[in-house]
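The values are calculated or read from the model by the stated rules, or taken from the named source; none is laboratory data. Quick caveat, the model's predicted, so the values are computed rather than measured. Here the Cβ is made from the backbone with ideal geometry for all residues, glycine too, and neighbour counts use every protein chain on show.
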């Protein structure tokens, strides 16, 4: 199961990078970055999974003395939750920039924006 999640994550990362490098439309580039971000999150969760262990909740099912041997480390999941929130903020900022670019130029084709080129 972990191998499938890892493979899915890496495929999403590669699809996102390919889309970001080959598209000329700014909205498609933003979606490609979001797909790559989702792939990274899936890979991080898959790395943190250990087969046969339980959720990091201490109750009568998992005594405190056996907790280190029977629970999964919650840090990767916490990092992924943080990454999801940060990714959402970055996507929102990129969409706001795309909206402003569309208002000024009337297009989302990246080849039409030449003010910042050398």
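Among the residues of segment 101-115, those identified as surrounded by 13 or more Cβ atoms within 10 Å (Cβ to Cβ), out of contact with any strand residue (DSSP E or B) (no Cβ under 7 Å at 6 or more places or on another chain) and modelled with pLDDT of 85 or more are 101, 102, 107, 110.
Scanning for something touching a strand residue (DSSP E or B) at 6+ places or on another chain (Cβ under 9 Å) and surrounded by 13 or more Cβ atoms within 10 Å (Cβ to Cβ), does segment 72-84 turn up at least one residue?
First pass over segment 72-84, keeping only residues touching a strand residue (DSSP E or B) at 6+ places or on another chain (Cβ under 9 Å): 72.
Of the ones still in play, those that are also surrounded by 13 or more Cβ atoms within 10 Å (Cβ to Cβ) are 72.
Yes: segment 72-84 contains one or more residues that are touching a strand residue (DSSP E or B) at 6+ places or on another chain (Cβ under 9 Å) and surrounded by 13 or more Cβ atoms within 10 Å (Cβ to Cβ).
Put simply, of 48, 89, 39, 16 the only residue that is within 17 Å of the chain's Cα centre (by Cα), under 27 Å from residue 107 (Cα atoms) and surrounded by 14 or more Cβ atoms within 10 Å (Cβ to Cβ) is 16.
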